[in-house]
Amino acid sequence: MSPSGQTTEAGEQLLKMSELVEASGVPGATIKHYLREGLLPDPVKTSRNMAYYRPETVERIEMIKRLQEERFMPLKAIRTVLAEDPDQARALLDVEDRILERALAKERTRTSATEVRRDFGVPAEALDRLEEIGILTPNSRGYSQSDVKIIEAISRFRAGGYDEKVGFTVYDTLRYKHALENLVHEEVDVLMERLEGDVDPDRAVRLIEAGVEPLKDFIAALHTKLMVEEVERRR
């Protein structure tokens, strides 16, 4: 039995507003706003001034917050999604969780700054600047796998003559960061839109992982092609 002592005919334990706030971690004013917007199931009224909420309301509130904060969806759009197919919204969030979980698992392996400087010869001040502008994101244990690959690429650039002597600096990397941020934002939007029709989380994750290497090759080849076309255009 819930602390409030209230249950439905089916034996569900009901929550008072204060209990709903505690269980969901969302302020009462926000929950009342969700109710006014039609995002939550109606409470069980026991009197004119007393209402209780079913346990599944907690899960619904958590989903709304995630759709707001992770998918940047306005409440109007969330109301439509929940009205049409709440299971689909839950599946999409599950797909995103699995993608993030696998990506983070690969990034947990860290390489110390000492090893990085020894193996790649990139000056410490260059590494510091790259961290300042958000290209690298080391923590107290060192650099992630992605960071190390970026540092290796920069080392190869420098070995090929792309250094400060001819005007190249770490700030040139921002050009690619800004371009890729827009590309990735659009890419994730399109991917999630394509998966909305029939989302199977395991299949979606396999599909995404299968596309990683071909996408790298495609971008590299297209970059070369466009570079040649641009140089020929300027002749």
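Throughout, read-outs are computed from the coordinates displayed, never taken from laboratory work. For clarity, every value in this text was computed on a predicted model and none was experimentally measured. Ideal geometry is used to build each Cβ from the backbone, glycine not excepted, and the neighbour counts take in all protein chains shown.
Across q = 0.11, 0.12, 0.17 Å⁻¹, the chain modelled as identical point scatterers on its alpha-carbon atoms has Debye log10 I(q)/I(0) values of -0.81, -0.89, -1.26, in the order of the q list. Convex hull volume of the C-alpha atoms in the stretch 35-136, normalised per residue: 165 Å³. Take every pair of alpha-carbon atoms less than 8 Å apart whose residues are at least six positions apart; their mean separation over the length of the chain yields a relative contact order of 14 percent. Between ARG98, ARG203, ARG141, the Gaussian network model of the chain with springs among Cα atoms under 10 angstrom shows the greatest mean-square fluctuation at ARG141.
Our estimate of slack between GLU187 and ALA77, defined as 0.36 nm per intervening residue step minus the Cα-Cα distance, is 37.6 nm. Rounded to the nearest angstrom and listed largest first, the equivalent-ellipsoid semi-axes of the stretch 1-84 from its Cα gyration tensor are 24, 13, 12.
Potential lengthening of the chain between TYR176 and ILE133 amounts to 14.2 nm, from the contour at 0.36 nm per residue minus the alpha-carbon distance. Between PHE218 and ASP94, the modelled labels are 2.7 nm apart [label points 7 Å from Cα along Cα→Cβ]. Residue separation of LYS106 and ALA23 scaled by 0.36 nm, minus their Cα-Cα distance, works out to 26.6 nm of gained length. Each 5 Å bin from zero up to the one holding the largest Cα-Cα distance in the stretch 58-196 carries the following percent of pairs: 2, 8, 15, 16, 13, 12, 10, 9, 7, 5, 3, 1, 0. If a spin label sat at a point 7 angstrom from the Cα of VAL44 along the line to its beta carbon, the backbone N atoms of the stretch 16-33 nearer than 20 Å would be those of 16-24, 32. Where is the GNM fluctuation largest for the chain (alpha-carbon springs, 10 angstrom cutoff): HIS223, HIS185, HIS33? It is HIS223.
Rounded to the nearest 500 deg cm²/dmol, what is the calculated helix-only ellipticity per residue at 222 nm for the chain, with -39500 (n - 2.57) per DSSP H run of length n ≥ 4? Calculated from helices alone, the mean residue ellipticity at 222 nm is -21500 deg cm²/dmol. Suppose R0 equals 25 Å. What FRET efficiency, 1/(1 + (r/R0)^6) with r the Cβ-Cβ distance, do GLN68 and PHE168 give to the nearest 0.05? Between GLN68 and PHE168 the formula returns 0.05.
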